[in-house]
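The values are calculated or read from the model by the stated rules, or taken from the named source; none is laboratory data. None of these values were measured; they are calculated from a predicted model. Don't worry about glycine lacking a Cβ; one is built from the backbone with ideal geometry, like all the others, and counts go over all protein chains shown.
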Amino acid sequence: MGSNPTPSASSREAPVRPRLVFFDLDDTLVDETGLMSDCVRQVAESMQETYPFLAPELLVRIYLEASFDLWKRVTPAQAGVTIALMRRWTWEETLRRLSIRGPVEPFLDRYTALRDGQVRPFPDARPVLGELRRRGYRTGLITNGETALQRWKLQHTRLLDLLHPVVTSQELGRSKPDPKVFLEAARRAGVDPQACWMVGDLLHTDVTGALSAGMTAVWVCRHGERLAPADPQPHHVVGSLSALLELLP
């Protein structure tokens, strides 16, 4: 996808009022990439004496690329897969791509110490959820991740009380974009999938899965990416969570 300014909210068809609006969690309601980037940057800075050639921004870029590639293939919904294991795999792949032959533990241990116990909600997450509920919309969550960790994030950001149901890939044993994840979430809510919207930042999981399940797909595009013809085509594109309020009066 190329770079192109994205309006605050755009649609390819007139909005239909949903009964329930589902949200993704990481990089939709909470700034997972921003927090990861800050922690990886600090890891690089702490390793300068051993690896003086390792520029912090280079390590951030390679780590994020390795993490993104891994999450496209593996999630905690798969038997035996945990976030801790995925972090190790990500660091191992990061060092491999950088041709660093040293042990992974100094990087992994430092990152874990920095990362654990932190979560960073987007500033408009709670206000938007609260306003949608005030307007009469139900709000829920569909997330790929470990159930305990994702619920911890929701509790520490004070978002848990604004989301029902909360559905995780780990508890279902399958991950987005599998349409069965979205259909099960709608079933638990007692709402027809066609009366649901799905709001998320990833085209290949959130948008693809929502479309396959018959939901209205909303892509959160904070950085102005442009849709390519081969990309899954969401019904709506928003540049922020706040822009949702333009679509859902």
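The set of residues in the range 203-234 that are touching a Phe, Trp or Tyr at 6+ places or on another chain (Cβ under 8 Å) and not hydrophobic (A, V, I, L, M, F, W, C) comprises D206, G209, S212, T216, P234. The residues of the range 27-78 that are of a type in the set (D, E) and surrounded by 14 or more Cβ atoms within 10 Å (Cβ to Cβ), listed by number, are D27, D31, E32, D38, E65. Residues considered: R12, R17. Of these, the only one that is exposed (fewer than 13 other Cβ atoms within 10 Å of the Cβ), touching a His at 6+ places or on another chain (Cβ under 7 Å) and modelled with pLDDT under 95 is R12. Looking at the range 95-147, which of the residues that are part of a helix (DSSP H, G or I) and of a type in the set (S, T, N, Q) is nearest to the chain's Cα centre (by Cα)? Of everything passing the filter in the range 95-147, T147 is nearest to the chain's Cα centre (by Cα).
If the condition is being closer than 22 Å to A148 by Cα and over 17 Å from the mean Cα position of the chain (by Cα), then the range 67-94 contributes Q78, A79, G80, V81, A84, L85, R88, W89. Scanning the range 199-232 for residues that are in contact with a Lys or Arg (Cβ under 7 Å, 6 or more places away or on another chain) and polar (S, T, N, Q) gives a single hit, T205. Scanning the range 210-226 for residues that are in a helix (DSSP H, G or I) and either under 21 Å from A148 (Cα atoms) or of a type outside the set (G, A, S) (or both) turns up at least one hit. Criterion applied to L227, L211, L248 was being aliphatic (A, V, I, L, M), at pLDDT below 95 and more than 16 Å from the chain's Cα centre (by Cα), and the one residue passing it is L227.
A search for C-beta distances below 6 Å between a residue of the range 54-77 that is not assigned by TED's automatic domain parsing to the domain that holds T143 and of a type in the set (V, I, T) and any residue that is outside any helix (DSSP H, G or I) and crowded, with 17+ Cβ neighbours inside 10 Å, counting only pairs 6+ apart in sequence or on different chains, returns T75/N144; T75/S175. Number of residues in the range 134-148 that are surrounded by fewer than 20 Cβ atoms within 10 Å (Cβ to Cβ) and either free of Cβ contacts under 8 Å to residues at least 12 places away in the same chain or closer than 18 Å to A79 by Cα (or both): the value is 4. With respect to Q155, is the statement that it is farther than 19 Å from L247 by Cα, part of a helix (DSSP H, G or I) and without any contact (Cβ under 8 Å) to a residue 12 or more places away in the chain true? So Q155 fits the description; yes.
For the range 158-182, the set of residues classified as of a type in the set (A, V, I, L, M, F, W, C), farther than 23 Å from V81 by Cβ and surrounded by fewer than 19 Cβ atoms within 10 Å (Cβ to Cβ) consists of L160 only.
Yes or no: Q155 surrounded by fewer than 23 Cβ atoms within 10 Å (Cβ to Cβ) and at pLDDT 95 or above? Spelling it out, Q155 is indeed surrounded by fewer than 23 Cβ atoms within 10 Å (Cβ to Cβ) and at pLDDT 95 or above.
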